[in-house]
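One structure is given below, encoded as structure tokens.
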Amino acid sequence: MNLRAMSRPRPLLLLLGSLLLLLAVLATAVVIACQHRLADRAEAAAWVASRHPDVLRMTGQYLAAQPSGDYLLLDVRSAAEWSVSHLPAAFRCEDPGAAVAEARRRHCTRVVVYCSIGERSSQLAERMQALDPNLLIHDLAGGIFTWASEDRPLVDADGQPTRLVHPYDTSWGALLPPDRRAPLP
């Protein structure tokens, strides 16, 4: 076994390593540019709608005017996000199959989904629609960030009124007014 040959870098490995590093740098730049570009909630909502053109949208104003028993309200955020605040009467669910089953159990044909700005909820809406095309599924336009910014009611894990919203992370949290942004753990 020739140890000198093993210790020399192989050109193919160097090329592969360089390419991976370049891809990581480019991916980071794209994420930073995207987050920088989405400077306000309206831009973020438009960005989400452009990525999910087949998902129906419902404004907070329209949702607030609907009787609560007319639809199933699904919060698709994490348990940590949910515990800080959620819309009253919302059911937390991240799994499309379980969400469809819950809609059927409650005999609901109308479903409203939401997350922070609408990306995760739009993804869940698409998957739910594929599982049950008879459901009428809307994404809450602008998510809980817009809902909270419009001064609409929120409750915490104990069902008590709150004004704070989990910011998801520091970049997306910048879309929340400072007085609505809960501290990150």
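Every number here is computed from the coordinates shown, using simple stated rules; none is lab data. These numbers come from a predicted model, not from an experiment. Heads up, the Cβs are rebuilt from the backbone with ideal geometry, glycines too, and the neighbour counts pull from every protein chain shown.
Of all residues in the range 101-141, count the ones that are polar (S, T, N, Q), in a loop (DSSP other than H, G, I, E, B) and either within 30 Å of Glu43 (Cβ to Cβ) or touching a residue at least 40 places away in the same chain (Cβ under 8 Å) (or both).
1
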Report task. Return a yes/no flag: does the range 148-162 have any residue that is part of a helix (DSSP H, G or I), aliphatic (A, V, I, L, M) and farther than 17 Å from Cys93 by Cα. Result -> yes
Query raised in the report: Within the range 58-91, restricting attention to residues that are outside any loop (DSSP other than H, G, I, E, B) and among the charged types (D, E, K, R), which residue is farthest from Gly118 (Cα to Cα)?
Result: Asp70
